[in-house]
Amino acid sequence: MELTAERFVDEVERLGDEIPMRSLFALAKAYQGSQPGEIAKMLQHPADEVRMGAVSIMDFQARDRKTSVERRRELYELYLENHEHIDSWGMVDRAAPYVVGGYLWDKSRAPLYDLGRSPRPMERRTAIVATYYFIRQHDLEDTFRIGAVLAHDPDELVQKAVGGWVREAGKQDLDGLRRYLDEFAATMPRTALRYAVEHLDATERSRYLAMKADARGRES
């Protein structure tokens, strides 16, 4: 079967408007061998389901140990060049860890800090979500550092990612999480804070939430 964007779109349309994610992921798995040029066409398609399928194909390729170094670079560049079309938290979370984080694992992480300063919320979300790959390798520094860059982000979907990812890093480095919270708990958005403290014991969780409450009280 020829793995073209046109055929993929036809397959998605046959699945109907309410496509279960498991069915979309299964279709993406069948198209795992798609070439970057065809994936680019999928990423630029107006239908959310097609674009989600495209990032899923990218994720499957990036996770495959047989994928070449050159293809990994192509996937990474394809992701960044088409980020305006990767415009939902689901798409970011599907592909950023392995397509972006996996590619940058043995390289400079400077591109993540550039994304962290982007005016586009989903690019900022990519910056923190990509560090999930690093967390899996027990490399936590960039998660906390990018979490600091985004500590006061105004977008709720970025706030949730920041809180969730520093929380995950904190499972391996509780003192690192405490240092982060000591610095930012009083000033970071409450959404991010609640995600970050979710797995702390009740006493410690209450203490950090109280820091936020006390700071708000002083402002009023």
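Here, each number is a calculation from the coordinates, and none is a lab measurement. This structure is a prediction, so every number in the text was calculated from the model and none was measured. Note: ideal-geometry Cβ built from the backbone for every residue, glycine included; neighbour counts use all protein chains shown.
Is the C-alpha gyration tensor of segment 1-107 telling us rounded, prolate or oblate? Criteria: a/c under 1.5 is rounded; beyond that, a/b larger than b/c is prolate, otherwise oblate.
Numbers: a/c = 1.76, a/b = 1.50, b/c = 1.17.
The shape class here is prolate.
Using +1 on the beta carbon of Lys and Arg, -1 on that of Asp and Glu, and nothing else charged, what's the dipole of segment 1-107 about the Cα centre, debye to 20?
580 debye
Run the helix sum for the chain: -39,500 (n - 2.57) per DSSP H stretch of 4+ residues, divided by residue count, reported at 222 nm to the nearest 500 deg cm²/dmol.
Mean residue ellipticity at 222 nm (helix-derived): -20000 deg cm²/dmol.
Percent relative contact order of the chain, based on C-alpha pairs within less than 8 angstrom and at least six residues apart?
On the way: 275 pairs, mean separation 26.7, N = 220.
Relative contact order comes out at 12 percent.
Using Cα centres only, tell me the gap between segment 185-200 and segment 69-87 in whole Å.
Between the Cα centre of segment 185-200 and that of segment 69-87, the gap is 31 Å.
Treating the chain as a set of equal point scatterers at the Cα positions, no solvent, please give the Debye-formula log₁₀ I(q)/I(0) at q = 0.09, 0.15, 0.16, 0.17 Å⁻¹.
Here log10 of I(q) over I(0) equals -0.40, -0.93, -1.01, -1.09.
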